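Quick notes on the structure that follows.
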Amino acid sequence: MPFDSYPAVPLLPCPPGGVDRRAIEAASAEWVHSTAFGALLREFGGKLGGGPLGEVLDEAERFSAEAWDFRRGAERSGATEVTFPSHVEVLVREAATALGLAGRTRPAATAYDHVLILGGGVRTSLARAHHLADLLRGGVETPAVTGLGSFRPLPSETRDASEFGLPECETEADAVEQALRRALGLSDGPLEHVGEKAGEPWRVRAYPAHRPTVSVLAAPPSRPGARANTGDTLVGWTDLVATAPAAGARLLLVTTDLFVPFQHTDAVRLLGLGYGCGVETVGLALAGPQSWLRAPTTSAILQEVRSAIVSMRKLHLALAG
């Protein structure tokens, strides 16, 4: 089959009001049994059985741990980069696009109760914040924007902040805040709230006079001594910013295209299943004209295919439990 003929696989459905277990399982099965995913497996010597979805996801997770985990417990910036033959590079990019790791830059609706922008380093935060600003200028409406970050230190990104004329960003949350200030034109000083949860610090900086209102969360980690991950920031938002969002709330997540499937799936589990929120996720195109970020390597793409599998398996277990 030609690489460009892989049919696109939709993201897991999460309409406002609650998660439909059958619809989620059907969409998960469609993803893991898709032509695109099958092509990736075959290229790397893998094959899935035809058992129940839980067993198939277990198989896929085990295979991806052996074949596509280039982090081995490290941060993404510390992942090993692997060079592949050109035909593999093409296959991976085409398959990943079909699987949702590219091409989902704009939301389907125009009005959301909350927009959440996922955090990262200085360049990542700038790119996502400017993508958000483009969406708002393009007609997306919301009363509230929240930047989700952590106290993860950014000691190696001082040069990036200086290059773009930003104050020093000591942490991921600082980078998210400065990026939103730049992209949305925030001028007033924020209101700051700080505290601890299970002995771990958190911080919320709010700009209530801006329209839409803007908040930036430095979330506490769920694992003592670790940094807050995507799931921790989503949970932190419900605890410290939105305070148990209403069932039926429409949420838009803004991230980078490479991370859309796994972060969307985490949000379906934590906000859709947990609170009955509707969740839609979009990501700026790494291969697009923006100047902040480079196009992803093939090994980075495969790593995030694995992330999507891990998140899908967690969601399946949560639905089964």
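The values are calculated or read from the model by the stated rules, or taken from the named source; none is laboratory data. Not measured: the values here are computed from a predicted model. All Cβ positions, even for glycine, are placed from backbone atoms using ideal geometry, and neighbour counts span all protein chains on display.
A few remarks follow.
- Restricting the range 208-229 to residues that are hydroxyl-bearing (Ser, Thr, Tyr) and at pLDDT 95 or above, the residue that is surrounded by the fewest Cβ atoms within 10 Å (Cβ to Cβ) is Thr213.
- Screening the candidates Gly51, Gly45, Gly103 for the property of being in the same structural domain as Ala8 (by TED's automatic domain parsing) and at positive phi yields one hit, Gly45.
- Of all residues in the range 123-162 being of a type in the set (A, V, I, L, M) and in a helix (DSSP H, G or I), the one that is modelled with the lowest pLDDT: Ala161
- Failed condition for Arg306, given (1) in a helix (DSSP H, G or I); (2) more than 24 Å from Val56 (Cβ to Cβ); (3) among the basic types (Lys, Arg): (2)
- Residue within the range 273-292 that is assigned to a helix (DSSP H, G or I), over 13 Å from the mean Cα position of the chain (by Cα) and within 21 Å of Thr124 (Cα to Cα) present: no
- Yes/no for Leu186 being at pLDDT below 95 and touching a His at 6+ places or on another chain (Cβ under 7 Å): yes
- Taken over the range 301-321, residues that are among the small types (Gly, Ala, Ser) and crowded, with 19+ Cβ neighbours inside 10 Å amount to 3.
- When the range 247-271 is limited to residues that are closer than 22 Å to Leu136 by Cβ and of a type in the set (Gly, Ala, Ser), the one that is surrounded by the fewest Cβ atoms within 10 Å (Cβ to Cβ) turns out to be Ala249.
- Flag for Ala183 being of a type in the set (Gly, Ala, Ser), under 19 Å from Tyr275 (Cβ atoms) and touching a residue at least 24 places away in the same chain (Cβ under 8 Å): no
- Selected residue [among the β-branched types (Val, Ile, Thr), touching a residue at least 12 places away in the same chain (Cβ under 8 Å) and closer than 23 Å to Leu91 by Cα] from Val305, Val235, Val241, Val254: Val305
- For Ala95: the one exception among (1) out of contact with any strand residue (DSSP E or B) (no Cβ under 9 Å at 6 or more places or on another chain); (2) surrounded by fewer than 22 Cβ atoms within 10 Å (Cβ to Cβ): (2)
- Exactly one residue out of Gly165, Gly120 is modelled with pLDDT under 95, surrounded by fewer than 23 Cβ atoms within 10 Å (Cβ to Cβ) and assigned to a loop (DSSP other than H, G, I, E, B): that is Gly165.
- Complete set of residues in the range 103-158 that are in contact with a helix residue (DSSP H, G or I) (Cβ under 8 Å, 6 or more places away or on another chain) and of a type in the set (Lys, Arg): Arg104, Arg106, Arg123, Arg128, Arg152
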